[in-house]
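I have placed the structure first, in the form of structure tokens, so that the comments after it can refer back to it.
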Amino acid sequence: MKKFFLAILPLVCLFIASCDSAGSNATKPSANGEVKKGVAPIADPEIAVIEMENSAAYGTIKIELYSNIAPKHVARFKELAKEGYYSGISFHRINQTVIQAGDSNTKPGAAGGKVEGDSGKPHVQAEFSDIPYDTGILGAARFGNDVNSANSQFFIMLKREAAFDNKYTVYGKVIEGMNNVRTIAQAPKQEGTERPVEPIRIKSVTIVPR
């Protein structure tokens, strides 16, 4: 069974900029789907609060969500959070660029019954924008190169990564707790992998008023 992973796509070697006269809010095609251009993110009146099981070590992460940029992704994230889906799930991939979680197979006692570790719900179609992938951005992981295969897994950026731009859906940003994101990223990893030696589990993800 292939694993659900965050694929780093190569930068385009030859990029030809068009000089059309379309408005700045136009949605224009890219090699990977449609990209919403020139739309500033507007934070929802609700935020997501990620509380870790080992709160002494990893604390809390608060994230604002952008429904005006990626309404389907925000709706799915809120739906799963309210259902308690993320409780007990581990950050299964950590490195100096991202921390990633959302695989149901990382829950204690999981039998691996979910298809490729997703939520069991239908995939979410891409909602690309020109918001750059920079520190704190919340992005949607997906199955390989299928841009319309985001489901339950998410990642948080630790630094600028231009290779992700217009290739993964942006739907939020950390507004508090980036120090905790960095602590998670620096945890010891299993040799030759990006998986933490000890599980770094989410206690809960709650949706609360801002």
Please report VAL74, VAL170 as a ranked list, fewest other C-beta atoms within 10 angstrom at the top and most at the bottom.
-> VAL74, VAL170
Give the cross-link partners of LYS121 among the aspartates and glutamates, using a straight C-alpha distance below 20 Å as the criterion and excluding same-chain residues fewer than 8 apart.
-> GLU79, GLU83, ASP103, ASP146
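Could you line up LEU65, LEU138 from fewest to most neighbouring Cβ atoms inside 10 Å?
Numbers: LEU65 27, LEU138 24.
Going from least to most buried by this count: LEU138, LEU65.
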Can you sort THR183, THR60, THR169 by how many other beta carbons sit within 10 Å, fewest first?
-> THR60, THR183, THR169
Farthest toward the dipole's positive end in the range 79-170, which of SER129, ALA163, GLY88, given Cβ charges of +1 (Lys, Arg) and -1 (Asp, Glu) about the Cα centre?
-> GLY88
Computed over the range 135-210: relative contact order in percent, which uses C-alpha pairs under 8 Å that are six or more apart | 27
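Laboratory data are not the source of any read-out in this text; all were calculated from the coordinates shown. Treat the numbers as computed from the prediction; the structure is a model and nothing was measured. Virtual Cβ from ideal backbone geometry, glycine too; neighbours counted across all protein chains shown.
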